[in-house]
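Trainee: Just dropping this structure here.
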Amino acid sequence: MSKAKPFLKWAGGKHSLLPELVKRLPRSYTTYNELFLGGGALFFEVSPISANLSDINSELINTYTQVRDNVMYLMQDLADLWDGHDEEFYYKIRKNFKNAPYLTRAAQFIYLNKTCFNGLYRENKSGEFNVPVGSYKNPKILDEDCLLEANKALQGTTLLSQ
């Protein structure tokens, strides 16, 4: 059985620190608590049965919620976004990003994350996502296996934007 892994790129992610972080975890605990979820590298590495996951980025938490609760519909939306990817399409999605319903916004969040410069998430003073398009030749916008494994790992989690 394959292990879930992050489905997003995230600046400041913990992936390179995983061996050291895992060594420092308590040997036993009832509920895993992650305060700065980001890409979720430590959460996916630990694979806890019960977890409280939080981040101040409400768009990030919405995306995790949609992966947990609506992964099949999310993948359909991602497939549609993948079919249209180019620089002009990127800026159209970026411009309308915060105006979409939750599920569509989660798909757009993943799309923007996989196609923007270095997977950054940044907003201007008006709260609009403003990262320029990246220069990827063939970005993997829809990774079905990764999303399905993440969906399984997220069952039994509480997701909070705080």
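The values are calculated or read from the model by the stated rules, or taken from the named source; none is laboratory data. If you're wondering where the values come from, they're calculated on a predicted model, not measured in any experiment. Reconstructed Cβ throughout: ideal geometry from the backbone, glycine too, with neighbour counts over all protein chains shown.
Trainee: Under the condition of being of a type in the set (A, V, I, L, M) and part of a helix (DSSP H, G or I), which residue from segment 82-116 is nearest to residue 64 (Cα to Cα)? Before you say what the answer is, go through the steps one by one.
Mentor: Just the residues of segment 82-116 that are of a type in the set (A, V, I, L, M), to begin with: 93, 100, 103, 106-107, 110, 112.
Next, only the ones that are part of a helix (DSSP H, G or I) stay: 93, 103, 106-107, 110, 112.
Details: 93: 19, 103: 10, 106: 8, 107: 11, 110: 10, 112: 15 Å.
The selected residue is 106.
Trainee: For segment 35-47, check the following and say yes or no: at least one residue is in a loop (DSSP other than H, G, I, E, B), more than 28 Å from residue 19 (Cα to Cα) and either more than 12 Å from the chain's Cα centre (by Cα) or not small (Gly, Ala, Ser) (or both).
Mentor: Taking every residue of segment 35-47 in turn, none turns out to be in a loop (DSSP other than H, G, I, E, B), more than 28 Å from residue 19 (Cα to Cα) and either more than 12 Å from the chain's Cα centre (by Cα) or not small (Gly, Ala, Ser) (or both).
Trainee: Quick check, is residue 43 touching a strand residue (DSSP E or B) at 6+ places or on another chain (Cβ under 8 Å), modelled with pLDDT under 95 and over 19 Å from residue 112 (Cα atoms)?
Mentor: Details: touching a strand residue (DSSP E or B) at 6+ places or on another chain (Cβ under 8 Å): yes; modelled with pLDDT under 95: no; over 19 Å from residue 112 (Cα atoms): yes.
Taking the combined requirement at face value, the residue does not satisfy it.
Trainee: Condition test on residue 73, is it aromatic (Phe, Trp, Tyr), within 25 Å of residue 115 (Cα to Cα) and either without any contact (Cβ under 8 Å) to a residue 12 or more places away in the chain or buried (at least 16 other Cβ atoms within 10 Å of the Cβ) (or both)? Don't jump to the end; show me each part of the working.
Mentor: Details: aromatic (Phe, Trp, Tyr): yes; within 25 Å of residue 115 (Cα to Cα): yes; either without any contact (Cβ under 8 Å) to a residue 12 or more places away in the chain or buried (at least 16 other Cβ atoms within 10 Å of the Cβ) (or both): no.
Judged against the criteria, residue 73 is not a match.
Trainee: If you go through segment 132-157, how many residues are among the hydroxyl-bearing types (Ser, Thr, Tyr), at pLDDT 95 or above and over 15 Å from residue 51 (Cβ atoms)?
Mentor: Taking segment 132-157 and keeping what is among the hydroxyl-bearing types (Ser, Thr, Tyr), we get 135-136, 157.
Pick out the ones that are also at pLDDT 95 or above and you get 157.
Add one more test, that the residue is over 15 Å from residue 51 (Cβ atoms), and what stays is none.
Matching residues across segment 132-157 total 0.
Trainee: In segment 59-78, what count of residues is obtained for those that are more than 20 Å from residue 14 (Cα to Cα) and out of contact with any helix residue (DSSP H, G or I) (no Cβ under 7 Å at 6 or more places or on another chain)? Steps first, answer last, please.
Mentor: The first filter runs over segment 59-78 and keeps only residues more than 20 Å from residue 14 (Cα to Cα), leaving 62, 65-78.
From what is left, the residues that are out of contact with any helix residue (DSSP H, G or I) (no Cβ under 7 Å at 6 or more places or on another chain) are 65, 69, 72, 76.
Looking only at that region, the number is 4.
Trainee: Turning to a different aspect of this structure: Return yes or no: is residue 160 within 15 Å of residue 60 (Cα to Cα) and at pLDDT 95 or above? Don't jump to the end; show me each part of the working.
Mentor: On the way: within 15 Å of residue 60 (Cα to Cα): yes; at pLDDT 95 or above: yes.
Spelling it out, residue 160 is indeed within 15 Å of residue 60 (Cα to Cα) and at pLDDT 95 or above.
Trainee: Same structure, new question: Do we find that residue 101 is under 30 Å from residue 52 (Cβ atoms), surrounded by fewer than 18 Cβ atoms within 10 Å (Cβ to Cβ), without any contact (Cβ under 8 Å) to a residue 24 or more places away in the chain and not acidic (Asp, Glu) in this structure?
Mentor: On the way: under 30 Å from residue 52 (Cβ atoms): yes; surrounded by fewer than 18 Cβ atoms within 10 Å (Cβ to Cβ): yes; without any contact (Cβ under 8 Å) to a residue 24 or more places away in the chain: yes; not acidic (Asp, Glu): yes.
For residue 101, the condition - under 30 Å from residue 52 (Cβ atoms), surrounded by fewer than 18 Cβ atoms within 10 Å (Cβ to Cβ), without any contact (Cβ under 8 Å) to a residue 24 or more places away in the chain and not acidic (Asp, Glu) - is met.
Trainee: Next up: Could you tell me whether any residue of segment 6-16 is surrounded by 12 or more Cβ atoms within 10 Å (Cβ to Cβ), at pLDDT below 95, of a type outside the set (Phe, Trp, Tyr) and outside any loop (DSSP other than H, G, I, E, B)?
Mentor: Quick first cut of segment 6-16, residues surrounded by 12 or more Cβ atoms within 10 Å (Cβ to Cβ) only: 6-10, 13-15.
Within this subset, residues satisfying the condition of being at pLDDT below 95 are 9-10, 13-15.
With of a type outside the set (Phe, Trp, Tyr) added as a condition, the list becomes 9, 13-15.
From what's left, outside any loop (DSSP other than H, G, I, E, B): 15.
There is at least one residue in segment 6-16 that is surrounded by 12 or more Cβ atoms within 10 Å (Cβ to Cβ), at pLDDT below 95, of a type outside the set (Phe, Trp, Tyr) and outside any loop (DSSP other than H, G, I, E, B).
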